[in-house]
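Below is one structure, written out as structure tokens; the observations come after it.
Computed from the coordinates by the stated procedures, all read-outs in this text should not be read as laboratory data. For clarity, every value in this text was computed on a predicted model and none was experimentally measured. Counting neighbours? That spans all protein chains shown, and the Cβs are built from the backbone with ideal geometry, glycine included.
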Amino acid sequence: AQSVTQLGSHVSVSEGALVLLRCNYSSSVPPYLFWYVQYPNQGLQLLLKYTSAATLVKGINGFEAEFKKSETSFHLTKPSAHMSDAAEYFCAVSDISGGSNYKLTFGKGTLLTVNP
Amino acid sequence: KAGVTQTPRYLIKTRGQQVTLSCSPISGHRSVSWYQQTPGQGLQFLFEYFSETQRNKGNFPGRFSGRQFSNSRSEMNVSTLELGDSALYLCASSLGQGNDEQYFGPGTRLTVT
């Protein structure tokens, strides 16, 4: 079974500082990888996805992530944090077994706090 | 284009009762997936429906079931509710072809007392 590990359940940064949220996956085949963001009392919003087209993936709101197969990592970064980035972030991998790409396995999430 | 809608948004039920949650996907989307989100277990996949057929299933007991209608709308049902079923239930829709992304609804917050 696939698994996703997000290092750090809580990350705190200052406004304007670099955001780095870590994600490692376990998979025997190149997976599809995703980052989602969840604001309080809302559903999940897709930030970006990796589908093997390019190892550096750019997403919305200035976020990007780099797929590193040798490290089985897919860390999310943003050069300069904004107050509006405060939310919970989830890394997910799709399970392509059974002919469907739509079974997502999520990490436990990282709560990002942005300090003024 | 309207997003994924889920009804009701909040629900309170008593142990032993059953509940039905509804999800209307984005127009044109044929795949609907359901997830359970709890503080302890995080986000867990329940099942996915495509063209009225269950295409994938997670590791949940048989008390959790679902279905999809010809208009792609989906319902999930939980019978004999337990306290541990209290959670945010999220529905996601997609075109269902290949690796297109899933769009999530706002969720239904179920509280079991």
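Numerical summary
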quantity	calculated
Pairs from A:K58/A:K78; A:K49/A:K69; A:K49/A:K103 whose Cα-Cα separation, in the structure shown, is over 20 Å	none
Total charge dipole magnitude, the protein assembly as shown, about the Cα centre, Cβ charges on Lys, Arg, Asp, Glu only, Debye to nearest 20	380
Choice from A:G43, A:G59, A:G16 showing the highest fluctuation, given a GNM over chain A with Cα pairs closer than 10 Å	A:G43
Eligible aspartates and glutamates near A:K108 by straight Cα distance, threshold 14 Å, same-chain separation 8 or greater	A:E88
Cut-off of 10 Å, at most 12 other beta carbons, DSSP loop: longest stretch of chain B lacking such trypsin sites (Lys or Arg not before Pro)	B:16-113
Cα-centre dipole for chain B with unit charges at Cβ (Lys and Arg positive, Asp and Glu negative), debye to 20	220
Proximal aspartates and glutamates relative to B:K57, as straight alpha-carbon distance under 15 Å, when same-chain residues fewer than 8 apart are discounted	A:D95, B:E48, B:E75
Label point distance in nm, B:K57-B:T14, each placed 7 Å from Cα along Cα→Cβ	3.1
Environment charge of A:A86, counting only residues whose C-beta is closer than 13 Å and scoring Lys/Arg +1, Asp/Glu -1	-2
Distance in nm between pseudo-label sites at A:T72 and A:A54 (7 Å out along the Cβ direction from Cα)	2.7
Lys/Arg +1, Asp/Glu -1 at C-beta; the stretch A:31-87 dipole; positive extreme among A:V37, A:M83, A:A54	A:A54
Charge sum, other residues only, whose C-beta stays under 13 Å from B:F69's C-beta, Lys/Arg counted +1 and Asp/Glu -1	+1
